[in-house]
Amino acid sequence: MQQVTSVTDRMREMAEESSIPSNVAEMLEEAADKLEDEDEELSVRVNTAASLLDQISNDPNIKQHTRTQIWNLASKVENLDS
């Protein structure tokens, strides 16, 4: 599914940015992996990835513009299941 690929690609791009803390980068990679796991139903993958993104957005170590990008990604992830 093209939409999933574009969202996971963006997650991985963000994970590679030097301004992203390593624990946040790991969670972005994990969220991308979960979304791509075709052994699970799409709704389960979306919920898991959205939960991880929510955890990231609550991390006090990320910058505000990064938090905004995470919220935008979370919105895109939630729209994958509609």
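The values are calculated or read from the model by the stated rules, or taken from the named source; none is laboratory data. All figures in this text were calculated on a predicted structure; none of them were measured in a lab. Note: ideal-geometry Cβ built from the backbone for every residue, glycine included; neighbour counts use all protein chains shown.
Can you list residue pairs whose Cβ atoms sit under 7 Å apart, with the first residue in segment 10-21 being surrounded by fewer than 15 Cβ atoms within 10 Å (Cβ to Cβ) and the second being of a type in the set (Val, Ile, Thr) and part of a loop (DSSP other than H, G, I, E, B)? Count only pairs 6 or more apart in sequence or on different chains.
Once the first residue is surrounded by fewer than 15 Cβ atoms within 10 Å (Cβ to Cβ) and sits in segment 10-21, its partners that are of a type in the set (Val, Ile, Thr) and part of a loop (DSSP other than H, G, I, E, B) give Pro21/Ile62.
Give all pairs with beta carbons closer than 8 Å in which a residue from segment 33-49 that is in a loop (DSSP other than H, G, I, E, B) meets a residue that is of a type outside the set (Val, Ile, Thr) and at pLDDT 95 or above; count only pairs at least 6 apart in sequence or on separate chains.
Listed pairs, sorted by first residue: Asp37/Arg45; Glu40/Lys34.
Can you pull out the residues in segment 57-72 that are modelled with pLDDT of 95 or more and of a type in the set (A, V, I, L, M, F, W, C)?
Answer for segment 57-72, where residues must be modelled with pLDDT of 95 or more and of a type in the set (A, V, I, L, M, F, W, C): Ile70, Trp71.
Out of all the residues in segment 52-81, which are small (Gly, Ala, Ser) and either outside any helix (DSSP H, G or I) or surrounded by 14 or more Cβ atoms within 10 Å (Cβ to Cβ) (or both)?
Of the residues in segment 52-81, the ones small (Gly, Ala, Ser) are 57, 74-75.
Within segment 52-81, Ser57, Ala74 meet the criteria.
Examine segment 38-45 for a residue that is of a type in the set (Val, Ile, Thr) and within 11 Å of Val77 (Cβ to Cβ), and state whether such a residue exists.
The initial filter retains those residues of segment 38-45 that are of a type in the set (Val, Ile, Thr), namely 44.
From what is left, the residues that are within 11 Å of Val77 (Cβ to Cβ) are none.
No, the conditions are met nowhere in segment 38-45.
Of the residues Asp33, Asp81, which single one is over 10 Å from the mean Cα position of the chain (by Cα) and not basic (Lys, Arg)? Explain how you work it out, then say what you get.
On the way: Asp33 fails: over 10 Å from the mean Cα position of the chain (by Cα).
Sole residue among the options that is over 10 Å from the mean Cα position of the chain (by Cα) and not basic (Lys, Arg): Asp81.
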